[in-house]
């Protein structure tokens, strides 16, 4: 798209006005095409070719493999397909737990901090800190706290008499729970932010009417606040779901490219297959499957939500 | 309205639990950064028994932290400036015009935000390697340029969304008045609309900077030892033999404090922008 001089001609004034928005969005479109749309198309192509280490700098000679990467990923009786399925299951459980806990904490904090009391501003600001910190510094701090011999967690558990203080938190099945707690720590402030903004959008007179009717605070929360927050909740939960399902940072900063089996979140699983085994074709096939899954879930979610809100 | 006892109890419990949850890691981060190495390798202590600021000196020599810092500052600032400029134009178009393809544009841009990063990483890796090969010199693969171009698109969707929201809040009469005076679209945007949207622009800039500052996935493959940024560089305090935990914590503090402060100072604008999309 170039700016043609014709638009300056007499009578071209209206035409120029019509084209203006396109000139304004052109840079954004070009960048999106180059960095998102084009790579996505290339990614789908990659999933059909045998793009191993030998062919990365020589992509045109990579052999066509058809659907064999997909078959490999989806053959759950083979060790490779099985570990992909396992990684998928781990990610699902991780997502449900993290989104659920983050929602609960965010909702509670928003309900409490929506009402005026002394010190409210302090808590509001404090609660934003985990979200404002660079992701990896928060995770590294937790990683230190979870060390076996010199970490805070074992120290506290031992002084409370709950364990001997010699548990490993970053290997074996405990690694999963450590990861969940860290991800909740990081993401609940986001839920809090969104829900607090949602609460501030509910007009006060709705509550006034209800309290004249004699409804207590819990009843008001149940019958007024929750339904009014529905739209915010729906968007926020979807965003949290997508971020958590695609989470790469938490497992990667904690464990590196090859996390313990219990913490083998799907993004790191694909990353490992691609950059440790250098099989980009297989990695791309798994990425495409991941995207397809996310699209189906998001589509179904929006469909159900839209139908319900239309009925309401 | 009067609060029943149960709600007061609920408030105390929630605030206590969450404050501890947030503050304990902060406390560990602060206190461990001023402990000598021996103390962070031994049994955990709530209060540092020896306070030293040596870790804050050592972090610069144990690993080339200065270089990582410089790389991060360069990459994040340039991608921030570019992303804000591109978003200002696009956001203005979305806010002021109803043009054909507008909703396709906004939906597509926002939906790329939800796609897994790994889906873009593999093809971009391949594209960068092969573009450089075709060019005959290293332009994109593991360079700052490559990283800047990539990062700039990460914050773009939200930046456009946030700015369009801010522009919506600025009365159109301002634009029209300027237009009657004979100002072109560009002049109107730069001289009239933009000054009124300054808080929004600042918020978007901070958001964009923070997004790149905390990015790990692309930084892990798209940088070389020469162009490495903080997110990956900070992991080099742990070696096979030793983890310099006090230095890890000191470096984490140095890296976090500027962005956290910026976020908290501008929280009013940032929160308004971040939540605008979901709440409206």
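The values are calculated or read from the model by the stated rules, or taken from the named source; none is laboratory data. Here the structure is a predicted model, which is why all the values come from computation and not from measurement. Note that we place each Cβ from the backbone using ideal geometry, even for glycine, and neighbour counts take in every protein chain shown.
Candidates in the range A:242-257 are the residues that are in a helix (DSSP H, G or I) and within 9 Å of chain B (Cβ to nearest Cβ); of these, the one that is farthest from residue B:233 (Cα to Cα) is A:242.
Of all the listed residues (A:31, A:24), the sole one being modelled with pLDDT of 90 or more, within 13 Å of chain B (Cβ to nearest Cβ) and more than 26 Å from residue A:290 (Cβ to Cβ) is A:24. Taken over the range A:34-55, the residue count meeting the criterion of being at the interface with chain B (Cβ under 8 Å from one of its Cβ atoms) and touching a helix residue (DSSP H, G or I) at 6+ places or on another chain (Cβ under 6 Å) is 7.
The one condition from (1) more than 10 Å from every other protein chain (Cβ to nearest Cβ); (2) assigned to a helix (DSSP H, G or I); (3) modelled with pLDDT of 90 or more that residue A:222 does not meet is (3).
Quick grid of which residues meet (1) modelled with pLDDT of 85 or more; (2) out of contact with any helix residue (DSSP H, G or I) (no Cβ under 6 Å at 6 or more places or on another chain); (3) crowded, with 16+ Cβ neighbours inside 10 Å:
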site: A:145; (1), (2), (3): yes, no, yes
site: A:151; (1), (2), (3): yes, no, yes
site: A:156; (1), (2), (3): yes, yes, yes
site: A:162; (1), (2), (3): yes, yes, no
site: A:173; (1), (2), (3): yes, no, no
site: A:182; (1), (2), (3): yes, no, yes
site: A:201; (1), (2), (3): no, no, no
site: A:210; (1), (2), (3): no, no, yes
site: A:216; (1), (2), (3): no, yes, yes
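Evaluated against (1) more than 7 Å from chain A (Cβ to nearest Cβ); (2) surrounded by fewer than 18 Cβ atoms within 10 Å (Cβ to Cβ); (3) at pLDDT below 95, residue B:94 falls short on exactly one condition, (2). Where helices (runs of 4 or more DSSP H) fall wholly inside the range B:1-62, the ranges with 1 or more residues that are facing chain A (nearest Cβ under 7 Å) and in contact (Cβ under 8 Å) with a residue 24 or more places away in the chain are B:5-33, B:37-41.
There is at least one residue in the range A:109-122 that is within 11 Å of another protein chain (Cβ to nearest Cβ) and closer than 21 Å to residue A:241 by Cα.
Considered as a group, the residues in the range B:144-176 that are assigned to a helix (DSSP H, G or I) and out of contact with any helix residue (DSSP H, G or I) (no Cβ under 8 Å at 6 or more places or on another chain) include one that is modelled with the highest pLDDT, and that residue is B:145.
Across the range A:219-241, the qualifying residues are those that are touching a helix residue (DSSP H, G or I) at 6+ places or on another chain (Cβ under 7 Å) and surrounded by fewer than 20 Cβ atoms within 10 Å (Cβ to Cβ), and the one among them that is nearest to residue A:95 (Cα to Cα) is A:241. On the stretch given as the range B:221-234, residues that are under 14 Å from residue B:142 (Cβ atoms) and within 7 Å of chain A (Cβ to nearest Cβ) total 1. Taken together, A:303, A:295, A:291 contain a single residue that is modelled with pLDDT under 95, part of a helix (DSSP H, G or I) and within 7 Å of another protein chain (Cβ to nearest Cβ), which is A:291.
If the condition is being in contact with a helix residue (DSSP H, G or I) (Cβ under 8 Å, 6 or more places away or on another chain) and more than 8 Å from chain A (Cβ to nearest Cβ), then the range B:122-133 contributes only B:128. When residue B:109 is tested against (1) farther than 26 Å from residue B:146 by Cα; (2) surrounded by 19 or more Cβ atoms within 10 Å (Cβ to Cβ); (3) modelled with pLDDT under 90, just one condition goes unmet, and that condition is (1).
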